[in-house]
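The values are calculated or read from the model by the stated rules, or taken from the named source; none is laboratory data. Because the structure is a prediction, the values reported are computed rather than measured. In this analysis, Cβ positions are derived from the backbone assuming ideal geometry, glycine residues included, and neighbour counts consider all displayed protein chains.
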Amino acid sequence: MTAHIVHIVHRFDTGGMENGMVNLFNTLSPQRFRHTVVALTDYSDFRHRITAQRVDFHALHRAPGHGLGWAVRLWKLLRRLKPDLVHTRNLAALEAQFVTAVAGIRATVHGEHGRDVFDLHGRNWKYNLLRRAARPLVSNYIAVSRDLETWLREVIHVAPHKLHQIYNGVDSGKFHPRVGARPAFAHPDSIVFGSVGRMVAVKDYPLLTRAFIQLMRQQPERAEWARLVIVGDGPARATCLELLQGAGLAHLAWLPGARDDIAGIMQMLDVFVLPSRNEGISNTILEALASGLPVIATAVGGNVELVADGVNGKLVQPGDTDGMVQALLAYLDAPARIAEQGENARRQAEQRYSIPAMAEAYAAVYDRTLGTRR
């Protein structure tokens, strides 16, 4: 019997959480599970990356504020869809658990994928009050990192038997080390530092930009080889461009906005950099590891579970511009380190972060939830 799962998110758009959902839908057997996605606000063309089975999408166009029209629309939709299980993700969709209960659905899963800049460490008492109020309604929880799992257990007081930590998977066939010459943008002998992601406050791309500028000012001779790439769109893109233009260094950087060819972008880079102020488990770090790139990342959230300092990359403190400068210099001064740590990165991606293993772990949680509530 095929189980029908309704996945409820705030918005389905370009992002790590959505990428993980796409990988899940493209991997889980359609004979075991069929899926419907409900976006409380809206969804984008990112859904077209789902190719292995049909997944229906519904948008509730929830307006900002405290109106309950969205809840009535969701209740009616759930009554019509009659799912076997509802899976909500992150705080912004957690309120849907109350609507799910009113709709009579008892098999539920809630996933925590990371926190945003307005509550970096999960300490906001109002948000945590909501999380604790919803706790009796959630059959099982999935945390994408050990950091989030520990927080759910110690702060939200989720029972250990309800907690399941599942790392995201990465397509090690699609993302692989560069073979041959570097694709366009930079001289073959350049060292290209780059990042991919939503250019929003929590990712702190201005930190990386300021560090690159500071490095070029302190050691202008590095400008012959060092290059910067930041791929993605969002409010911080304009800030980063203004910083580079103001410093007269825009010619050393490429910030093209959002792109669909991320595997190709990774082939252009030598070192991946993620300067986030907080993070769950970064899909782009996983993609960089699979691409054979050492990773400079801030020592926050799940980053410390993916990046081993001196083995497959380097960790710096969040907000530490000087520390980021030193991390960039470490690779400029010793290019051989890039190849050595890149090999370690690729090996880790292949051994620990496969998409089939991730999908089967999700399936096990779904089966356990359905078995318990049936």
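Key figures
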{"read-out": "Count of residues meeting criterion [within 29 Å of residue 280 (Cβ to Cβ) and in a loop (DSSP other than H, G, I, E, B)] in region 189-215", "value": "5"}
{"read-out": "Qualifying positions in region 320-339 - over 20 Å from residue 205 (Cα atoms), free of Cβ contacts under 8 Å to residues at least 60 places away in the same chain and surrounded by 14 or more Cβ atoms within 10 Å (Cβ to Cβ)", "value": "337"}
{"read-out": "Only one of 139, 172, 190, 145 that is surrounded by 18 or more Cβ atoms within 10 Å (Cβ to Cβ), touching a strand residue (DSSP E or B) at 6+ places or on another chain (Cβ under 6 Å) and either within 20 Å of residue 295 (Cβ to Cβ) or touching a residue at least 24 places away in the same chain (Cβ under 8 Å) (or both)", "value": "139"}
{"read-out": "Spans of helices (runs of 4 or more DSSP H) in region 1-100 with at least 2 residues of a type in the set (Phe, Trp, Tyr), outside the structural domain of residue 259 (by TED's automatic domain parsing) and surrounded by fewer than 21 Cβ atoms within 10 Å (Cβ to Cβ)", "value": "69-81"}
{"read-out": "Test result for residue 210, touching a helix residue (DSSP H, G or I) at 6+ places or on another chain (Cβ under 8 Å), at pLDDT 95 or above and among the basic types (Lys, Arg)", "value": "yes"}
{"read-out": "Meets criteria (out of contact with any strand residue (DSSP E or B) (no Cβ under 6 Å at 6 or more places or on another chain), closer than 23 Å to residue 13 by Cα and either crowded, with 21+ Cβ neighbours inside 10 Å or not assigned by TED's automatic domain parsing to the domain that holds residue 320 (or both)) for residue 167", "value": "yes"}
{"read-out": "Pair list, Cβ < 9 Å and 6+ apart or interchain, from region 27-55 residues that are over 22 Å from residue 75 (Cβ atoms) to residues that are aromatic (Phe, Trp, Tyr) and surrounded by fewer than 17 Cβ atoms within 10 Å (Cβ to Cβ)", "value": "47/57"}
{"read-out": "Residue among 63, 59, 39 that alone is farther than 25 Å from residue 282 by Cβ and modelled with pLDDT of 95 or more", "value": "59"}
{"read-out": "For residue 114: the one exception among (1) assigned by TED's automatic domain parsing to the domain that holds residue 10; (2) part of a helix (DSSP H, G or I)", "value": "(2)"}
{"read-out": "Members of region 243-274 found to be in contact (Cβ under 8 Å) with a residue 60 or more places away in the chain and among the polar types (S, T, N, Q), listed by number", "value": "267"}
{"read-out": "Single unsatisfied condition, residue 186 versus (1) hydrophobic (A, V, I, L, M, F, W, C); (2) within 26 Å of residue 17 (Cα to Cα); (3) not in a helix (DSSP H, G or I)", "value": "(2)"}
{"read-out": "Selected residue (criterion: farthest from residue 128 (Cα to Cα)) from residues of region 149-164 that are within 19 Å of the chain's Cα centre (by Cα) and buried (at least 19 other Cβ atoms within 10 Å of the Cβ)", "value": "149"}
{"read-out": "Neighbours by Cβ (under 7 Å, 6+ apart or cross-chain): first from region 150-163, in a loop (DSSP other than H, G, I, E, B); second at pLDDT 95 or above", "value": "156/131; 156/132; 156/135; 157/132; 158/135; 158/141; 158/152"}
{"read-out": "Test result for residue 233, out of contact with any Asp or Glu (no Cβ under 6 Å at 6 or more places or on another chain) and over 20 Å from residue 332 (Cα atoms)", "value": "yes"}
{"read-out": "One residue from 237, 277 being basic (Lys, Arg), touching a residue at least 24 places away in the same chain (Cβ under 8 Å), touching a helix residue (DSSP H, G or I) at 6+ places or on another chain (Cβ under 6 Å) and closer than 27 Å to residue 122 by Cα", "value": "277"}
{"read-out": "Among the candidates 273, 307, residue that is crowded, with 24+ Cβ neighbours inside 10 Å and out of contact with any Ser or Thr (no Cβ under 8 Å at 6 or more places or on another chain)", "value": "307"}
